[in-house]
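Notes follow once the structure below has been shown.
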Amino acid sequence: MKIDRLIGILSILLQKDKVTAAELAEKFEVSRRTIVRDLEDLCKAGIPIAASQGRGGGISVMDGFKIDRTLLSSEEMKAILTGLQSLDSVSESNRYRRIMDKLDAENAVKTVGAGNSIIVDLSTWDKSAVSSKLEMIKSAIENCEKIGFIYYSPDRTERREIEPYRLVFQWSNWYVWGFCTKRNDYRMFKLTRMTELTVKENFVPRNIPDYSCDKLRHTKGEIAVKVRFDSSVKWRLVDEFGAENLAEEKDGSIFLDFTWSDVPSFFSYIAGFREAAEIIAPEEYRREFAELLEKMLNKYGK
């Protein structure tokens, strides 16, 4: 779009002393004549553009123009580029790369990769499993289109249809949050568990509630539990729940009250701690988990 190109040109002119029309044309993939017209539009908007011919010549903003020529500090630019680079790590299009190129007046993108202290990669081991879904869902959100898909959950596999409102990167995974027409409520769906994703008809946007994340809530909480953990797994509990939420006993054991999405996935989670976790309450979950362990023991032979 022209407005994007004008902003990009202005950003470059404010950060570089001089640039040629050929350089701008190559960067924005347009003709030199288009660049000349863009510069004329910037002049009409009150930005004094100067041009000089010959060796060392080029296009620049006139000296003395009363505007902060940096607009953004070096650290602020790095922060913006880091965020764009993280999105580019899961994007199948070159949208975010083009934005970075527009902002990259003095090789800032290379600076982010080489000198920045923060590197964010949001992609999964199999990038293709998520990237195409992100692009489809993002487009559906922008166009107010419903999406349909087959969803694999711990207790069932079924077709779902939602009005998508938010793409969320949380708990080291990508999710889509929206209004589920089957449950008549807001739900969160993990992208890697979705198959046969399709875009449906348009919908009228709702006045949606604010999205929030509770550290002690894996998804929309449906069960409440109390678990005692051995001190040997404290590192994992601090990583997943935060040190401020742990109640330690004198013997080093840790008690934690939290909510979980459903019983089967809760049992799978607790089993991952092996002998370092013990369900304390509710009593029915403790009993059911013991029965599950008994069945597993019988399968492998006592």
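Each reported figure results from applying straightforward, stated rules to the coordinates on display, with no laboratory input. These figures come from a predicted structure and were not determined experimentally. Ideal geometry is used to build each Cβ from the backbone, glycine not excepted, and the neighbour counts take in all protein chains shown.
The table for this structure:
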| quantity | calculated |
| --- | --- |
| Given charges at beta-carbon only (K, R positive; D, E negative), |dipole| of the stretch 11-54 in Debye | 80 |
| Ascending count of other beta-carbon atoms within 10 Å, so fewest first, for Phe149, Phe241 | Phe241, Phe149 |
| Relative exposure of Ile7, Ile147, judged by other C-beta atoms within 10 Å (fewest first) | Ile7, Ile147 |
| Unit charges at the beta carbon, dipole of the stretch 128-202: most positive-side option, Trp174, Met194, Thr157 | Thr157 |
| Local net charge near Phe229, Cβ-Cβ under 13 Å (Lys/Arg +1, Asp/Glu -1) | -4 |
